[in-house]
Structures are given as C-alpha cells and as structure tokens.
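Here's the structure, in structure tokens; my notes come after.
The values are calculated or read from the model by the stated rules, or taken from the named source; none is laboratory data. Values in this document were obtained by computation on a predicted structure and should not be read as measured data. For neighbour counting, all protein chains shown are included, and Cβ atoms are generated from backbone atoms with ideal geometry for every residue, glycine included.
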Amino acid sequence: MSLARPLRPLLQRPAISTCPTIARIRPLSTSPLLQEHTKRITKDRNPKRGMSPMRGVGPKQMLETEQYDLPRPVLDPKARTEVKTDEDHGLWGFFHEKKCLPTPEEDHAHGRAWTAAELRIKSWDDLHRLWWACVKERNIIATQQKERERLDPGYGEYESEEREAEVIKTQKRIRYVLTERYYAWEEAREIAETDPEVNLSGVGQAYVPVYEETFEQTKA
C-alpha cells in the first residue's frame, strides 16, 4: 500500500493550463534585409529565374572588338568580281563539252550498245576501260538530270533515258562476258589438275610435254 501512494498522482487527469498560448508569427516585410531570408526556391535552382532581361546589366569587363565595318553584299551583277575557274578542273568531267544541259538533238545522237560478240574479242584492259567509260557516262547523265530538275527546261528527259538504257546494256554484257571467261578458266583449271603435262605448283616450267621427258630419259 505504501508503494501505490506515490504513483497515484500520475494516474490522475493531467492539469489544463490556463495560460494563453503564444503563436509563432512569421514577420512580413518588404525590406531587403528580410527578403534575403525568404527567397523563392525554383525547380531548376536558378537564382535569376523570373528576372527581366531588359533590366540586366552589361558585362563586367570590356570585350575586344575590331573597328572594321561588316562586308556588304554586292547587288549589282556588273560590279561583282568575276570568278575564274580552272580549265582542267576534274568536275568538268561531269559535263559534255562544259555545257550545263545538252540539246535534245545532241542527247539523241548516240550510238548503240556493244554486243556480247564484240566484247568477247576484247582484252581485259579494253573491257576495263570500256566499263569505266560507261560509269563516267552514267555520271554525266545523272548530273544532267539534276540540272533539269533545278532549271525545269521541259525537254531532254526522254532522250536522256534512251541514252542511259544503251549504256546499261553495255555494262550488263560486259559482266556477262567476264562471267563466261571465269567459267572457262575454272573448267580449264579442273582439266589441268588431271593432266600430267601441266604443272600447277608454280615452280619450274608450267607445261612439260610427255615426249620430251621420255626423250631425256632414253638419252641419259
């Protein structure tokens, strides 16, 4: 019983204070001293967010500038400086006789495509030169087509397509002839592997007839 008495006041209802509570009031002021503590926090943490660019000050240091006027464009074509180009410039290879566009008569005056029979009697070097001549011709035709799209003269498209078709035929026949030569070489190589008179090792004479070997053996 003696131990329960000191705990009795703790179990009673807590006393209610009658003193008025003092609320913490945040001071409101427009003075610069108090505004420093109440700065608005932006999402990107940019301290200059919301500032007007019209009221901004200039740079703190002077920038280096040159006292030269900006060049003015020359609007009069007669007063412009004439541009000189190299007569042997490589880009002239994309034009026929250094003309931007040929006439329909000039574009139509072309020959026929090479036949496969004519190409079979040509050497490797001749076929190589003819192939790249066709490539150059197709580049010229493509350049002329771009110029027609830019200038829109209204002529030359049909003649250009006919000319390019003949060039493409020649290229296809060159590939056909080279394919024939490749197959012929493969067949000859297979036959040479079974021929005792042909030496494919690369050492010594490539072709040794059998009668020469027998003659040397009988002579020895």
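For Trp92, work out the one condition from (1) at pLDDT below 90; (2) among the aromatic types (Phe, Trp, Tyr); (3) surrounded by fewer than 10 Cβ atoms within 10 Å (Cβ to Cβ) it doesn't fulfil.
(3)
Yes/no matrix, rows are residues, columns are (1) polar (S, T, N, Q); (2) modelled with pLDDT of 95 or more:
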{"position": "Trp132", "(1), (2)": "no, yes"}
{"position": "Val167", "(1), (2)": "no, yes"}
{"position": "Leu178", "(1), (2)": "no, yes"}
{"position": "Tyr182", "(1), (2)": "no, yes"}
{"position": "Arg189", "(1), (2)": "no, no"}
{"position": "Pro196", "(1), (2)": "no, no"}
{"position": "Ser201", "(1), (2)": "yes, no"}
{"position": "Glu212", "(1), (2)": "no, no"}
{"position": "Phe215", "(1), (2)": "no, no"}
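Report, by residue number, each residue of the stretch 105-126 that is surrounded by 11 or more Cβ atoms within 10 Å (Cβ to Cβ) and of a type in the set (Lys, Arg).
Hits for the stretch 105-126 are Arg120, Lys122.
Can you name every residue in the stretch 176-210 that is assigned to a helix (DSSP H, G or I) and over 50 Å from the mean Cα position of the chain (by Cα)?
Answer for the stretch 176-210, where residues must be assigned to a helix (DSSP H, G or I) and over 50 Å from the mean Cα position of the chain (by Cα): just Val210.
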